[in-house]
Amino acid sequence: MNPTVAITLGPSAAGDSSFLPSYGSDGAAGADLRAAIDEPLTLEPGDRCLIKTGIHIAVPPGYEAQVRSRSGLALRHGLYLPNAPGTIDSDYRGEVGVIMQNGGSEAVTFKRGERIAQLVFAAVAQAQFRLVSSLDETVRGSGGYGSTGRR
């Protein structure tokens, strides 16, 4: 079942409905987010910034919205989201922002309305935690950080 998401446009979108998230194709998992910036913004190599999207959303309970990189920006410019996927919780009502980092070798300039990231919705569950004296044994045990690739 697809969630219904309430959305409002904030001041940085100036009432412009083109800032509403939109899917690029019928099979797209992510809806494009756009830069709601007043002036072009240049991101130098190694720098990061928070880019406003102009939208506020009400994610339904039982879901999260994940902010993810756009593959074309990653491939062409080395741009990525250092916290990807970034999670927007169902009780957050502030403006959606995108933390962008330039991992490439050249400066990249963003313009108002440019597609900068994508928004994916996923069902989530809250765990119930139970303190125990020990955990059950597995073949892997406590091996981590690449341990499964050494066999």
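The values are calculated or read from the model by the stated rules, or taken from the named source; none is laboratory data. Everything quoted here is computed from the prediction, not taken from an experiment. Cβ: placed from backbone, ideal geometry, glycine included. Neighbour counts: every protein chain shown.
The figures follow:
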item	result
Search result, residues across segment 58-92 that are in contact (Cβ under 8 Å) with a residue 60 or more places away in the chain and within 23 Å of GLY10 (Cα to Cα)	VAL59, TYR63, GLU64, ALA65
Unique residue being of a type in the set (Phe, Trp, Tyr) and under 30 Å from THR42 (Cα atoms) when the list is PHE121, PHE129	PHE121
Among (1) surrounded by 10 or more Cβ atoms within 10 Å (Cβ to Cβ); (2) farther than 30 Å from MET1 by Cα; (3) in contact with a Ser or Thr (Cβ under 8 Å, 6 or more places away or on another chain) - the single one SER147 does not satisfy	(3)
Options ARG150, ARG130; residue that is more than 30 Å from GLY10 (Cα to Cα), at pLDDT below 95 and not hydroxyl-bearing (Ser, Thr, Tyr)	ARG150
Boolean, ILE99 is within 16 Å of the chain's Cα centre (by Cα), assigned to a strand (DSSP E or B) and crowded, with 19+ Cβ neighbours inside 10 Å	no
Tally of residues being outside any loop (DSSP other than H, G, I, E, B) and closer than 26 Å to SER71 by Cα across segment 118-151	6
Verdict on ARG93 being modelled with pLDDT of 95 or more, buried (at least 17 other Cβ atoms within 10 Å of the Cβ) and under 21 Å from VAL124 (Cβ atoms)	no
Segment 61-78, residues that are closer than 20 Å to GLY24 by Cα, surrounded by 15 or more Cβ atoms within 10 Å (Cβ to Cβ) and either touching an Asp or Glu at 6+ places or on another chain (Cβ under 8 Å) or not small (Gly, Ala, Ser) (or both)	GLN66, VAL67, ARG68, ARG70, LEU73
The one condition in (1) over 16 Å from the mean Cα position of the chain (by Cα); (2) surrounded by 14 or more Cβ atoms within 10 Å (Cβ to Cβ); (3) aliphatic (A, V, I, L, M); (4) within 18 Å of ALA122 (Cβ to Cβ) that MET1 fails to fulfil	(2)
Failed item in (1) of a type in the set (S, T, N, Q); (2) over 22 Å from LYS111 (Cβ atoms); (3) within 16 Å of the chain's Cα centre (by Cα); (4) in a strand (DSSP E or B), with THR53 passing the rest	(2)
Test result for ALA31, buried (at least 16 other Cβ atoms within 10 Å of the Cβ) and either farther than 30 Å from ALA127 by Cβ or small (Gly, Ala, Ser) (or both)	yes
Test for GLY104: is it buried (at least 17 other Cβ atoms within 10 Å of the Cβ), within 14 Å of LEU50 (Cα to Cα), among the small types (Gly, Ala, Ser) and modelled with pLDDT of 95 or more	no
